[in-house]
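The structure appears right after this line, and notes come after that.
Values quoted throughout were computed directly from the atomic coordinates according to the rules given, and no laboratory measurement underlies them. All of these numbers come straight from a predicted model, not from anything done at the bench. Please note: Cβ atoms are built from the backbone with ideal geometry, for glycine as well, and neighbour counts cover all protein chains shown.
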Amino acid sequence: FPILHSYFRSSCSWRVRIAFALKGIDYDQVPVNLIKDGGLQHTEQYKAVNPMQQVPALQIDGLTLSQSLAMIEYIDETRPGPRLLPDDPKERAQVRMISDLIASGIQPLQNLYVIQKCGTDKVQWAQHFISRGFEGLEQILKQTAGKYCVGDEISMADICLVPQVYNAERFKVDMEKYPTIKMINQTLVEVEAFRASHPSCQPDTPDDLRA
């Protein structure tokens, strides 16, 4: 089985869990608690797995991968099941653009490490950067969306969208301003792969946060 080093609430870890669920792939999870004892990602043992001291890390086919989008593309290219990147080059470019916009342009600015370092009002900080990103994303999705982010097939873009909306809701971002994002998210959260991989039902989810 592939081994995913993961944290229940990490949106990057959740992306990979969704990809595995969509493909119907069994894997083992090794929880890495980002809070306990100053963060278990900083241990020498974990640094040997991922020198960036971040989750997720994926051990698969004799490889150790960091970076969730690289993992998703590798899973897509090496495993059967529904395609997570479209065959059409234009649609594939759109999927990568949306995925990168979230994974590079929004999520890192409100992740745990950055928020711990920013020293200002953490909620206000997160709201600012998520809202700023969502304003651009909303305009892009108006051009690309069908039922999902790009057309009518679930793709890597959708895999990135749902964890980011979950973060936005945690930080009390007003989702009414982003009707396209909200509509796509509402459709996706009903899909079994997204529900099964949700932070509320992982092996390391604390009891008080379990669904």
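General remarks:
- Taking 0.36 nm per residue of separation and subtracting the Cα-Cα distance, full extension of the segment from ASP61 to GLU135 would add 22.7 nm.
- Candidates ILE35, ILE60, ILE75, ranked by Gaussian network fluctuation over the chain, Cα under 10 Å, top entry: ILE35
- Sequence-ordered 3J(HN,Hα) estimates for the stretch 45-59 from the Karplus curve with 6.51, -1.76 and 1.60 and θ = phi - 60° stand at 4, 6, 4, 5, 7, 9, x, 6, 6, 10, 9, x, 10, 10, 9 Hz, glycine and proline given as x.
- Distance between modelled label sites at ILE3 and ASP100, nm, 7 Å Cα→Cβ extension: 3.3 nm
- Hz values of 3J(HN,Hα) by residue in the stretch 28-38 - Karplus curve (6.51, -1.76, 1.60), Gly and Pro given as x: 9, 10, 10, x, 10, 6, 6, 9, 4, 6, x
- The distance between label points at ASP208 and GLU77 comes to 4.4 nm (points 7 Å beyond Cα on the Cα→Cβ vector).
- Whole-Hz ³J(HN,Hα) from phi, Karplus 6.51 cos²θ - 1.76 cosθ + 1.60, for the stretch 126-142, glycine and proline x: 4, 4, 4, 6, 5, 4, 4, x, 5, 4, x, 4, 4, 5, 5, 5, 4
- Charge dipole magnitude, Cβ of K and R +1, D and E -1 - the stretch 125-184, Cα centre, debye nearest 20: 160 debye
- A Förster radius of 45 Å, combined with the Cβ-Cβ distance separating GLU192 from LYS36, puts the computed FRET efficiency at roughly 0.90.
- Fluctuation leader among GLN116, GLN53, GLN94 - the chain, Gaussian network, Cα springs under 10 angstrom: GLN116
- Bridge orientation summary for the chain: considering DSSP beta bridges with both residues in this region, about 60 percent are antiparallel.
- Simple label model, 7 Å out from Cα along Cβ direction - LYS147 to ARG92, nm: 2.3 nm
- When the square roots of the Cα gyration tensor eigenvalues are ordered a ≥ b ≥ c, the ratio a/c for the chain is 1.5 or more and a/b does not exceed b/c, which makes its shape oblate.
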